[in-house]
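Working notes for the structure below.
Please treat every number below as a calculation from the coordinates, not as lab data. What you see is a predicted model, and the numbers here were worked out from it, not measured in a lab. Cβ coordinates were reconstructed from backbone atoms using ideal geometry, including for glycine residues, and neighbour counts include every protein chain displayed.
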Amino acid sequence: MTIANGAQAPDFELPSAGGPIRLSDHRGSWVVLYFYPADNTAGCTAEACSFRDNYEDFTDAGAVVIGVSGDSVTSHEGFAAKHRLPFTLVSDTDGTARAAYGVKKSLGLFDGRVTFVIDPEGVVRMVFSSQIRVKDHVSKALEVIRAASPVA
């Protein structure tokens, strides 16, 4: 079962190129946690580049972006370098985080594409799932954060 709006976001510790990342390390900030199928595929590259192109909007709103897939840290390093991704990619090779968040396979074959927006207290404020509307993950996440944190 997918974690729903209003639920406490499950904590995790996953490896990244910069060392282990825990969701709890970002308490006090908005977190956009997006699960994607695989590095270097067309849809995932478009999604990652959309997060990259809007990264400043997220940081200006006080949000951290974290991408999660089952690829290795080495794969993430190459993917991030190739596309100049300024945010953290974490490696969930055993699917522990994916299971904790209830992110299912699409068509029983591909890892699902689901974005969670988590507020500064660790509560899920948005769940968006779509394998094909990859850029909507970015626009919907920004919409939720901006609505909750209006700029003065």
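Some notes on this structure:
- Per-residue ³J(HN,Hα) for region 77-84, Karplus 6.51 cos²θ - 1.76 cosθ + 1.60, θ = phi - 60°, Hz, x for Gly and Pro: 4, x, 4, 5, 5, 4, 10, 6
- Karplus-derived 3J(HN,Hα) values for region 59-64, using 6.51 cos²θ - 1.76 cosθ + 1.60 with θ = phi - 60°, are 5, 4, 8, x, 10, 10 Hz; glycine and proline are entered as x.
- Its DSSP H runs of at least 4 residues, each contributing -39,500 (n - 2.57), put the calculated 222 nm mean residue ellipticity of the chain at -9000 deg cm²/dmol, to the nearest 500.
- Where labels lie 7 Å past Cα in the beta-carbon direction, separation of ALA38 and ALA99 in nm: 2.2 nm
- The tail of the calculated P(r) for region 27-148, taken as Cα-Cα distances beyond 24 Å, holds 19 percent of the pairs.
- Taking amide H as placed 1.01 Å from N in the peptide plane, the amide H of SER106 sits under 5 Å from that of ASP111, GLY112, each at least 5 places away or on another chain.
- For the chain, a simple Cβ point-charge model (Lys and Arg +1, Asp and Glu -1, everything else neutral) yields a dipole of about 360 debye relative to the Cα centre.
- For LYS104, the lysines whose Cα falls under 22 Å of its own Cα, not counting residues fewer than eight places away in the same chain, are LYS135, LYS140.
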